[in-house]
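Colleague: So that we are looking at the same thing, I have put the structure below in structure tokens.
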Amino acid sequence: MKRFSKLSRLFMAEEPVYIEIKGKETVLAEGYCRIDTYSDSVIVLGSENTRFAVRGKGLMLKHLSFGKIAVEGEISGVEFI
């Protein structure tokens, strides 16, 4: 049986992760999202079953709320890992 911290339970959602890419500047992710890696060149986001990396320059989290994350910067790629 998996155990989740109180914070992890707060961000859990029943729906799968939804990813939207807006041009080369913004990536929006909805669903149970956690931040596995954070730097100005790579941000790795994940759910229970999926992990993906946003790569680029000057990356930053612009929005973080219940199950929603927005990454902005000069995005060079998004990769499922």
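Colleague: Could you put SER65, SER47 in order, starting from the residue whose Cβ has the fewest other Cβ atoms within 10 Å?
Modeller: On the way: SER65 9, SER47 19.
By the 10 Å Cβ count, ascending, the order reads SER65, SER47.
Colleague: Oh, and also: Find out how many positive minus negative residues lie around ILE81, taking Lys and Arg as positive, Asp and Glu as negative, among other residues whose Cβ is under 13 Å from that of ILE81. Display every interim value, and only then the final one.
Modeller: Values: positive: ARG51, ARG55; negative: ASP36, GLU79.
Around ILE81, the charge tally is 0.
Colleague: Can I ask one more? For the pair ALA53 and GLU74, how long in nm is the line joining their label points, each one 7 Å along Cα→Cβ?
Modeller: Those two pseudo-labels are separated by 1.9 nm.
Colleague: Another question, then. What does the charge count around MET60 come to, taking other residues whose C-beta lies under 9 Å from its C-beta (Lys +1, Arg +1, Asp -1, Glu -1)? Display every interim value, and only then the final one.
Modeller: On the way: positive: LYS62; negative: ASP40, GLU72.
Around MET60, the charge tally is -1.
Colleague: Quick one: length gained pulling ASP40 to TYR18 fully straight, 0.36 nm per residue minus the C-alpha distance?
Modeller: Numbers: separation 22, 0.36 × 22 = 7.92 nm, distance 2.26 nm.
Residue separation times 0.36 nm, minus the Cα-Cα distance, leaves 5.7 nm.
Colleague: Same structure again: What are the residues whose amide H is under 5 Å from the amide H of ASP36, where those residues sit 5 or more places off or on another chain and H is modelled from the backbone?
Modeller: Residues meeting the criterion, in which the H sits 1.01 Å from N, are VAL44, LEU45, GLY46.
Colleague: Here's something else I'd like to know. What is the set of long-range amide H partners of SER41 at a cut-off below 5 Å, with H atoms built 1.01 Å from backbone N?
Modeller: Counting only residues 5 or more places away or on other chains, the set is LEU59.
Only the coordinates and a few stated rules stand behind these numbers; no lab work does. The structure presented is a predicted model; accordingly, all values stated were derived computationally and were not measured. Please note: Cβ atoms are built from the backbone with ideal geometry, for glycine as well, and neighbour counts cover all protein chains shown.
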